[in-house]
Amino acid sequence: MRTERIAYLIAPLLMASTLAHADPKWMKESSEIQSLLKSVSTVEGDLGVRFANVGLRVNAVRLEEISQEDIKEDPMLQPGDVEISILTEGTPHSGDCKVLGSPTFLRRKGQFLPQDRTGMWLLTGVCAVPN
């Protein structure tokens, strides 16, 4: 009887902890990736056009919802934010800008916020680390 009572008390806590840390979603289908890339505006049209123009091919996209623990560690994050990592191949034609090719963005309320120099350069054409 006592073991059952403890199980009833612990079960909701275990469920809540697994819900808070949802597994990241991977996009690998070309049509799904292209749909996401077309939804992001850049200095040269959409992100799909920008990747093509700079010589990068997108292989996969990783989406991960920001957890409450992440928000506690970084107060700049907000509930509902989604981290988007775009895995690419190829060498970017970036001139003097030192970019790596696989950018990370934060999707917040429909906006895509670059999280690294590569993302900033792809979206804006400016070679700088985002603020």
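Contact order for the range 13-131, expressed relative to its length and based on alpha carbon pairs under 8 Å spaced 6+ residues apart, stands at 20 percent. For T42, the residues 5 or more places off, or on other chains, whose built amide H falls under 5 Å of its own are L47. Charge tally around E73: other residues with Cβ under 14 Å, Lys/Arg +1 each, Asp/Glu -1 each, net -4. Across the range 25-124, the fraction of Cα-Cα pairs farther apart than 17 Å, rounded to a whole number, is 50%. A simple rule links phi to the HN-Hα coupling: the Karplus curve 6.51 cos²θ - 1.76 cosθ + 1.60 with θ = phi - 60°, which for the range 50-63 gives 4, 4, 4, 5, 9, x, 10, 10, 8, 9, 6, 10, 10, 10 Hz, with x for Gly and Pro.
If you add up the charges near A52, with Lys and Arg at +1 and Asp and Glu at -1, over every other residue whose beta carbon is less than 14 angstrom from its beta carbon, what do you get?
0
Just by accessible area at a 1.4 angstrom probe, what is the order of K109, K25 from largest to smallest? Could the numbers behind the result be given before it?
Working: K109 185, K25 100 Å².
Largest accessible area first, the residues go K109, K25.
A simple count of charges around F112, restricted to other residues whose Cβ falls under 14 Å of its Cβ and scoring Lys, Arg +1 and Asp, Glu -1, yields +1.
The values are calculated or read from the model by the stated rules, or taken from the named source; none is laboratory data. On a predicted model such as this, the values are computed, not experimentally measured, just so you know. Cβ coordinates were reconstructed from backbone atoms using ideal geometry, including for glycine residues, and neighbour counts include every protein chain displayed. Calculation scope for accessible area: heavy atoms of the full protein, side chains included, ligands and nucleic acids excluded. Shrake-Rupley method; radii C 1.70, N 1.55, O 1.52, S 1.80 Å.
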